[in-house]
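I have placed the structure first, in the form of structure tokens, so that the comments after it can refer back to it.
The values are calculated or read from the model by the stated rules, or taken from the named source; none is laboratory data. Not measured: the values here are computed from a predicted model. Neighbour counts run over all protein chains shown; Cβ positions are idealised from the backbone, glycine included. Accessible surface is based on the protein model in full, side chains and every heavy atom, while ligands, DNA and RNA are left aside. Shrake-Rupley method; radii C 1.70, N 1.55, O 1.52, S 1.80 Å.
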Amino acid sequence: MSALTDPRGAVEDLTRPEGWVLGVSAAFLLFLLAALLTGALGPTYFLFLVGLAGMYALLSFGLNSQWGFAGLINFSVAAFFGVGAYGAALFTASGSPLVELFEGVPLLPSLLGLPIVGLVVGLAVAFVLAILIGIPTLRLRADYLAIASLGLAEVVRLIVLNERWLTNGSAGVRGIPGFFAGWPVLGTFPEAMPGLRLEVIPGSPVLLETAFWQALLNVLLVLAFAGGVYFVLRRAHRSPWGRVLRTIRSDEDLARALGKDTYSFKMQSFVLGSLIMALAGVFYTHLNLYVGPGDLDPITTFYAWVAVILGGSGSNRGALFGGIVIVTIREGTRFLNDVALPIDPAPLRLLLIGVVIIAVMRYRPQGVLPPQRELIWPSAVDGGGAPDSPDSGVREQKGGGGDE
Amino acid sequence: MSEGALAKQDPVLAVDDLQKSFGGLAATDHATFGVERGTITGLIGPNGAGKSTLFNLISGFYEPDGGTVEVNGTDVTGMEPYEVADYGLIRTFQTPRKLEGMTVREAMLVGPREQPGESFRRLFTSPGTVAESESANLAEAERILAEFEIDHLATQPATDISGGQMKLVELARAMLAEPEVLLLDEPVAGVNPTLAKKLKTQIRRLNEQGTTFLLIEHDMEFVMDLADPIVVLDQGHVLTEGTPEGVRNDDRVIDAYLGGGA
Ligand SMILES: Nc1ncnc2c1ncn2[C@@H]1O[C@H](COP(=O)(O)OP(=O)(O)OP(=O)(O)O)[C@@H](O)[C@H]1O
Ligand SMILES: [Mg+2]
């Protein structure tokens, strides 16, 4: 808001790391634009990457609302992601074993194939799973959830791999429609759009065809998902609800002594985060149009943790930033391989992530964009007559002296 | 039966025959006493006498092996700490608790109980109510900080203030929870004399306004000046209870402190 009315003031108000992130992001965008215009980066593939970045951002948002808010250690990000992805895939794919299973059951077959049903089912299964794992562990010390979730991730992966009557096993699920299939207008939008041929730089035309418009729809979808989640999390983070979670993260006994039902708060945080992870999975299904047991590998959990720690635990914009960095490293290494280095990209990727993590831990242990210092319901701070606006809060380096 | 508990006219807290052991060690050994409404009751005893354990049992942090705890006439034995808090009992901790990443006034805002904004749903269904109560709580927090003469700390990081100031903030925050009886575990341990005096004034003032206190303290001058009656604990059981004068001159108390045991 303030950035629109007073752009210069907004820029001056940034802390150094924020300015730094802004600068690097701008440079990165210019670089991408150049790659797009010269044809080095295909526009459809680029949009796929944006979708992937949005998906990682969602995963990081989910983990952030567990670990960053309440200090819950969840090592089964991949499981909740997978439950969302498989829930959506099995209920929408033409190749889904569910089609056979439900044959003859009244009403049910007509629900199959609707992406919105897949979305609801994916989220519902994640909800139940989160409660089931939360009930025995959230009353205990933090390490119990960590261990149980580690086990859960493997259990879900093995079930998906072995219960072939339900999941198709290692072959995965194919024949998944786009999320908007069957919707009025949007369902036929990609086919209805004309193919476009742009030639900004003579000799290297950029073609925009059906696949491009399909990818564009996916980007809009993930923007809607991530935007909605960001809105919810930002409000929750600054609220008394978020404050109780942060108290639990710092010192659960203190929250208990002050009369907070910490078990209930931890459960809410855990369920919320798990739903967001499942939402990421639902989106992934309709982005990739194929899901397999490989999508449930622990590496997904690892990436989500790296993204949250990198961005700054507890910070929603940090989680967004971390998600984008992960995709850049994951996909950028493919290019490095094409262009210059005769190295296998997979180990290089992990090496790069390792280096980034060590550098961040060494020079900026709180993450690149840690949460603003003060999180009070915005209008309350305004009403209280405090001079600092809710958007600037009490920032690092400016902290403390702000009220004199 | 328990003469200590029965002797009270209007006990806000009644502990009856409470027991707790850790392995072979009876940390709380059939302890019985009561806290009369409106008093500042002191709880003293040598190191390891079981004072903090007793607080943990009363406030629901530990499950007793036997005996009962009543708050305002309700049996709260075995309840969760948040349920005990609902009956009007709030406790602080011996070691100051730090809230990382919060400013002082933010840390204060954890205090008020049953805030509408603590319901996730209401953040979205009735943001207006949430905002109203948050404004009111913020004003109240700032008022109490001003009363405690630490309002200049309001926007400092809660981890950057001195140990003594932290104790003041803890007391101020506990008051925001509007307890009927407040249990303080060593409120002036490690606090410089000036701040200790301030704390004493505040506790007395809050007591005059109606809050009942039960406080553990090793600083004899502090506790003898502030509290009446004083309960003496030794090896998990109540040795005696009396006025500061009476306790000071009791030979059994002197023996306990000199390490002789009972
Ligand atoms: N959780 C526990 N597990 C095992 N033993 C414990 C535990 N808590 C307390 N104890 C033991 O119980 C006894 C009483 O401890 P407690 O902390 O209640 O004493 P205290 O009177 O508060 O002492 P101080 O004045 O030093 O704070 C001690 O011997 C202590 O070691
Ligand atoms: Mg103690």
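Some observations on this one:
- Cα-based Kirkwood hydrodynamic radius, the range B:123-212, one decimal, Å: 14.3
- Part-to-part distance (alpha-carbon centres) for the range B:154-198 and the range A:59-94, which is given in Å: 41
- Take the accessible area of chain B alone and of chain A alone, subtract that of the pair, and you get about 3500 Å² summed over both chains, using a 1.4 Å probe.
- Under Karplus coefficients 6.51, -1.76 and 1.60, residue-wise ³J(HN,Hα) of the range B:125-131 in Hz, glycine/proline x: 8, 9, x, x, 4, 4, 4
- Computed with a 1.4 Å probe on the full set of protein chains, the accessible area for A:L223 sits at about 110 Å².
- If only the Cβ of Lys and Arg carry +1 and only the Cβ of Asp and Glu carry -1, the dipole of the protein assembly as shown around its Cα centre is close to 2460 debye.
- Of A:K260/B:K167; B:K51/B:K200; A:K266/B:K20; A:K260/B:K8; B:K20/B:K200; B:K51/B:K98, those spanning more than 24 Å from alpha-carbon to alpha-carbon: A:K266/B:K20; A:K260/B:K8; B:K20/B:K200
- Qualifying aspartates and glutamates (Cα of each under 19 Å from Cα of B:K197; at least 8 residues distant if same chain): B:E147, B:E149, B:D151, B:E170, B:D185, B:E186, B:E208, B:E217, B:D219, B:E221, B:D225, B:D228
- Counting only protein heavy atoms and a probe of 1.4 Å, the accessible surface of the range A:53-295 is 69% carbon and sulfur.
- Gyration tensor (alpha-carbon) shape descriptor, the protein assembly as shown, a/c threshold 1.5: prolate
- Geometric descriptor of the range A:53-295, per residue, is 157 Å³ (volume of the convex hull of the Cα atoms).
- Buried on assembly, the range A:252-271 (at least 10 Å² less accessible surface than by itself, 1.4 Å probe): A:D253, A:L254, A:R256, A:A257, A:L258, A:G259, A:K260, A:D261, A:F265, A:Q268
- For the range B:162-262, the Cα gyration tensor yields ellipsoid semi-axes of 26, 15, 12 Å (square root of five times each eigenvalue, largest first, whole Å).
- With the convex hull of its Cα atoms as the shape, the range B:30-119 has an orientation-averaged projected area of 8.0 nm².
- Residue-wise HN-Hα coupling along the range B:199-216, computed from phi with Karplus coefficients 6.51, -1.76, 1.60 (Hz; x: Gly, Pro): 4, 4, 4, 5, 4, 5, 4, 5, 5, 5, 7, x, 7, 8, 10, 10, 10, 8
- Residues of the protein assembly as shown: accessible area per residue with a 1.4 Å probe, Å²: 43
- Taking the chain by itself as reference, the range B:112-137 contains these residues with an accessible-area loss of 50 Å² or more in the full protein complex (1.4 Å probe, heavy atoms): B:E118, B:F120, B:L123, B:F124, B:E134.
- Cα centre as origin, Lys/Arg/Asp/Glu Cβ charges: the range B:129-184 dipole, Debye: 200
- Convex hull volume of the C-alpha atoms in chain B, normalised per residue: 141 Å³.
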